[in-house]
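The values are calculated or read from the model by the stated rules, or taken from the named source; none is laboratory data. Treat the numbers as computed from the prediction; the structure is a model and nothing was measured. Glycine also receives a Cβ, built like all others from the backbone with ideal geometry; neighbour counts cover every protein chain displayed. Please note that ligands, DNA and RNA were not included when accessible areas were found on the heavy atoms of the full protein model with its side chains. Shrake-Rupley method; radii C 1.70, N 1.55, O 1.52, S 1.80 Å.
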Amino acid sequence: MELSERKKKILAAVVELYVATGEPVGSKALCDNLDFAVSSATVRNEMSDLAEMGLLDQPHTSAGRVPTQMGYRVYIDSLMKKKPVTREEKRYLDSQLLSSAYDPEKLLDGVSRVLAAATRFAAVSTTPSGRGANIRAIQFVQTSRRTAMVILMTSAGTMQTRVFHCDFDLSQEILRVFFRVFNEKLAGMPVSEVTPAFIQNMAASMGEMAILMSSAFMAVLDVARDSMQAEICMEGQTNLLFYPELSLTARRMMDFLAHADELNRLLEQRSKNVKVLIGDETGRPELKDSSVVISRYTVGGKDAGALAIIGPMRMNYAKVIAHMEYLSDAVGKMLTELMDYDF
């Protein structure tokens, strides 16, 4: 679609004014915000042309114009000017993350809260999935006379725990045996290979000792399964209730956000840059009036998880994208540092 320079500037101005005010944009308001001189009549003609091209819409006969889904797409892809995160914003965002930088789950909970507060939209983050990761180490911590906790750490920076019970009194010496046996067998292998069949074969190779370790075997299998799943941290869902343009779909959106598996599938879309899905592009009827902005983060140089914002199409994309880029980079670096620590 070829647009003249004047049409490009007018479309960009309509999008930015509508995002800022929430009101349909008229020709007079537009003339006051353009960086070149032009008559209201000319602006009206250009807006009419943009409407015929499917880039603008007129909600009511006497109202101004608003961007369509296609109009937002053209704006984001070719007209939007980047808006870098300011030094003050960086300091604020860093300060909000540092208090939880030592714990992956708390860190991702924290970044969801920061994004929801900064954007006034729903914010989502997913923990790193261990699907393509290797086991770094397995630790055992005694929690009572006959119970202990197994801790499985992966190369993706994830850590899963499970408490298990034994029919005999535990001791530090017994737990050291557990530690040695499991780390000799499992350290360095892909998490995905810790299957029931693998655990059964491992137990069979232990002979009579396997009876003493049966609870530990099941706990390790459970934490390996848990490590394979990306967990979702979500904040700000109720923010969506305050946007009039979402009044008809807000309840369906909330229902969709409650289904972790479906939301995870939406966020698994890979892209080198921040990905913006507008309305029907999401492939979800519940989000037809919404936009989803997704930024993937890496841990140790490998794709690990996602940060996302879900809100109305009317959002400040330049600002949201800049914050998403900065936070996904910061989260990836923090999780990589955690992964590099020796346990």
Mean-square fluctuation maximum in Gaussian network of the chain, Cα pairs under 10 Å, restricted to 236, 54, 71, hits 54
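Mind checking the per residue accessible area of segment 1-139 for me, 1.4 Å probe, whole number of Å²? Mind showing how you got there, number by number?
Working: 7330 Å² over 139 residues.
Result: 53 Å² per residue.
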Computed over segment 170-279, the relative contact order (Cα-Cα under 8 Å, seq sep at least six) in percent reads 19 percent
Computed from the beta carbon distance with a Förster radius of 35 Å, FRET efficiency for residue 98 and residue 41 to the nearest 0.05 stands at 0.05
For the pair residue 268 and residue 302, the simple spin-label estimate (label points 7 Å beyond Cα toward Cβ) gives in nm 1.6 nm
To the nearest 20 debye, the chain has a Cα-centred charge dipole, built from +1 on Lys and Arg Cβ and -1 on Asp and Glu Cβ, of 500 debye
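Among 298, 68, 126, what's the order by accessible area (1.4 angstrom probe), most exposed first?
Numbers: 298 65, 68 30, 126 5 Å².
Largest accessible area first, the residues go 298, 68, 126.
Taking GluC sites (Glu not before Pro) as exposed when DSSP calls them loop (any state but H, G, I, E, B) and at most 16 other Cβ atoms lie within 10 Å, what is the longest stretch of the chain free of them, the sites themselves excluded? Numbers along the way, then the final one.
Numbers: sites that count: 2, 208, 268.
Excluding the exposed sites themselves, the longest stretch runs over 3-207.
Kyte-Doolittle mean at least 0.0 and Cα extent at least 20 Å along the axis: which DSSP H helices of the chain qualify?
Working: long enough: 5-21 (24 Å, 0.29); 104-119 (22 Å, 0.39); 172-186 (21 Å, 0.13); 214-228 (22 Å, 0.69); 317-340 (34 Å, 0.25).
Those that clear 20 Å and a mean of 0.0 are 5-21, 104-119, 172-186, 214-228, 317-340.
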For percent of Cα pairs over 39 Å apart the list reads (1) 17; (2) 11; (3) 31; the calculated value is entry (3)
Highest GNM mean-square fluctuation among 116, 250, 187, for the chain with Cα springs under 10 Å, belongs to 187
With the 8 Å Cα cutoff and a minimum separation of six or more residues, segment 1-160 has a relative contact order in percent of 14 percent
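Relative to the present Cα-Cα distance, how much length would full extension add between residue 252 and residue 205 at 0.36 nm per residue of separation?
Working: separation 47, 0.36 × 47 = 16.92 nm, distance 5.21 nm.
That pair, residue 252 and residue 205, stretches by 11.7 nm at full extension.
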Scoring only Lys, Arg, Asp and Glu (+1, +1, -1, -1) among other residues with Cβ under 12 Å from the Cβ of residue 256 yields +1
To the nearest 0.05, the calculated FRET efficiency linking residue 183 and residue 106 through their beta-carbon distance, R0 being 35 Å, is 0.85
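What size of dipole, in debye to the nearest 20, comes out for segment 48-117 about its Cα centre when the only charges are +1 on Lys and Arg C-beta atoms and -1 on Asp and Glu C-beta atoms? Let's see the in-between values first.
Numbers: 10 positive and 10 negative charges, 58 e Å.
Using only the charged Cβ atoms, the result is roughly 280 debye.
Using a 1.4 angstrom probe on the protein heavy atoms only, line up 180, 73 by accessible area, largest first. Kindly include the intermediate steps, with their values, before the conclusion.
On the way: 180 115, 73 50 Å².
Ranked from most to least accessible, the order is 180, 73.
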Length-normalised contact order of segment 20-109, Cα under 8 Å, at least 6 apart, in percent, tallies to 20 percent
Distance in Å, no decimals, from the C-alpha centre of segment 249-274 to the one of segment 158-228 is 34 Å
